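Each remark here refers to the structure printed beneath this line.
The values are calculated or read from the model by the stated rules, or taken from the named source; none is laboratory data. Remember, it's a predicted structure, so these values are computed and weren't measured experimentally. Neighbour counts are summed over all protein chains in view; Cβ atoms, including those assigned to glycine, are modelled from backbone coordinates with ideal geometry. Accessible surface is based on the protein model in full, side chains and every heavy atom, while ligands, DNA and RNA are left aside. Shrake-Rupley method; radii C 1.70, N 1.55, O 1.52, S 1.80 Å.
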Amino acid sequence: MKKEKKEKKVKVKITEMTDEQLLEEAKKIVAKRRKRAEQWIIVRPKLILSLVIVAMFAVTFAFVNSGFKIDATVSHDGSLNPIVGVNAQTNSPAPQTEAPTAAPTAAPQTAPAESSPAAESNPAAEAPAAPSTDAPKTNEEIVKKYTEVLNKMKQDQPGYTKKEYQALPEEYRNFSSAVNTVLKFGEAYMVKEDDPKAIVTATKGEMYTSDDGKTMPRINHELPICNTDKGSVLTDYSCVKTASCTDNPDGTRTLRFELNDEKNPEPTPADTCIPQSYHGAVMMPASMNDINTEVNKVVSKIPGVTVNNFELTYTCSTFEVTYDPTNDHVTSIIHHINVDIAANAKVAFSTIDGTARLTNDMSVYDINY
């Protein structure tokens, strides 16, 4: 009954209108519906593109944080269904022991040199060269010493604590407001500073077994250059923007350098240890080959979407090591990496273009020889 009354009331209103009023009312209805249709045409592609951008960023986050596995599916309605795997480091859980305490800040004492079994059994074997206490000065000398002490650290296999996490600073998000808003969902793929997963602890000489059964010292698996016995393989010193050497009051020495900007650097292959980029010679950058493969998997499930451009620029990346110059024992490592992510994608008549910055911080401390 109510429905009939409502329809009757509408009919009365229309019948009372003049021809001019009817024409005006018809125009309003058509205009209103057209506006809604136009809004849908505009908004839906932007939502889809926002989804694509988030997927692209999420894949990047997962690769930068190499301890995590990632998969993602896209439903028929265009929603992203992320599936984040467990931290790969849990495949070989660390013993539940207390983290070694930090070394005292008093000036270090020179330790007596110990002869290696190889040297004792082979008289012809040369004894390792004593650490040089001379402070490196040039960019080349600083990077060479940085490489020397980190490579020695992997040989010595001390215990350590490592903290690594990512952030997506809002002040560096240069997309539309819609994308900037949904990017926070992509942060689910990152390890944040206060996340317990950000910290791992290894004991001296601890071993790690990978999913495929390979065994190696855990320090070789976790610290750059990951899955190798090298801490650095950088030999192209022209890529160093600035470098410094500082002698600290406690007797330790800090080496610090910054690399020039680099687009889409590739990591160093573990099987050859031949650097493919200068960032890849001192850290583990996210491989664009792997990222593009995963991004294409996601994009292929969304009809009509085209990714025109997606690139990573590593900028203002700094690398720092503090060590005891009397024995080359490392006391701390600090990496700060900035990755500017640029993305351009299109669907229908809508395009999203912009950049955002991903930061990755790693510190190694409580190093116990």
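Counting the residues of the stretch 343-362 that are under 16 Å from V299 (Cβ atoms) and either modelled with pLDDT of 85 or more or among the basic types (K, R) (or both) gives 1. For the stretch 245-263, which positions are over 24 Å from the mean Cα position of the chain (by Cα) and open to solvent by 50 Å² or more (accessible area, probe 1.4 Å)? Within the stretch 245-263, T246, D247, P249 qualify.
Scan the stretch 185-219 for residues that are assigned to a helix (DSSP H, G or I), touching an Asp or Glu at 6+ places or on another chain (Cβ under 8 Å) and closer than 25 Å to L358 by Cα and the total you get is 1.
Of everything in the stretch 316-330 that is closer than 14 Å to A135 by Cβ and not in a strand (DSSP E or B), the residue that is most open to solvent (accessible area, probe 1.4 Å) is T326.
Inspect the stretch 295-315 for any residue being modelled with pLDDT of 80 or more, surrounded by 20 or more Cβ atoms within 10 Å (Cβ to Cβ) and farther than 30 Å from I352 by Cβ and give the result as yes or no. No, because not a single residue in the stretch 295-315 is modelled with pLDDT of 80 or more, surrounded by 20 or more Cβ atoms within 10 Å (Cβ to Cβ) and farther than 30 Å from I352 by Cβ. Taken as a whole, the structure leaves K152 outside the set of residues that are modelled with pLDDT under 95, closer than 30 Å to Y369 by Cβ and open to solvent by 20 Å² or more (accessible area, probe 1.4 Å).
When T331, T318, T326, T351 are checked against the criterion of being over 17 Å from the mean Cα position of the chain (by Cα) and either of a type in the set (A, V, I, L, M) or under 27 Å from I199 (Cβ atoms) (or both), a single residue qualifies: T331.
I want to confirm something. Restricting to the stretch 267-294 and keeping residues that are in contact with a helix residue (DSSP H, G or I) (Cβ under 7 Å, 6 or more places away or on another chain) and closer than 16 Å to S317 by Cβ, which single residue is least open to solvent (accessible area, probe 1.4 Å)?
A286
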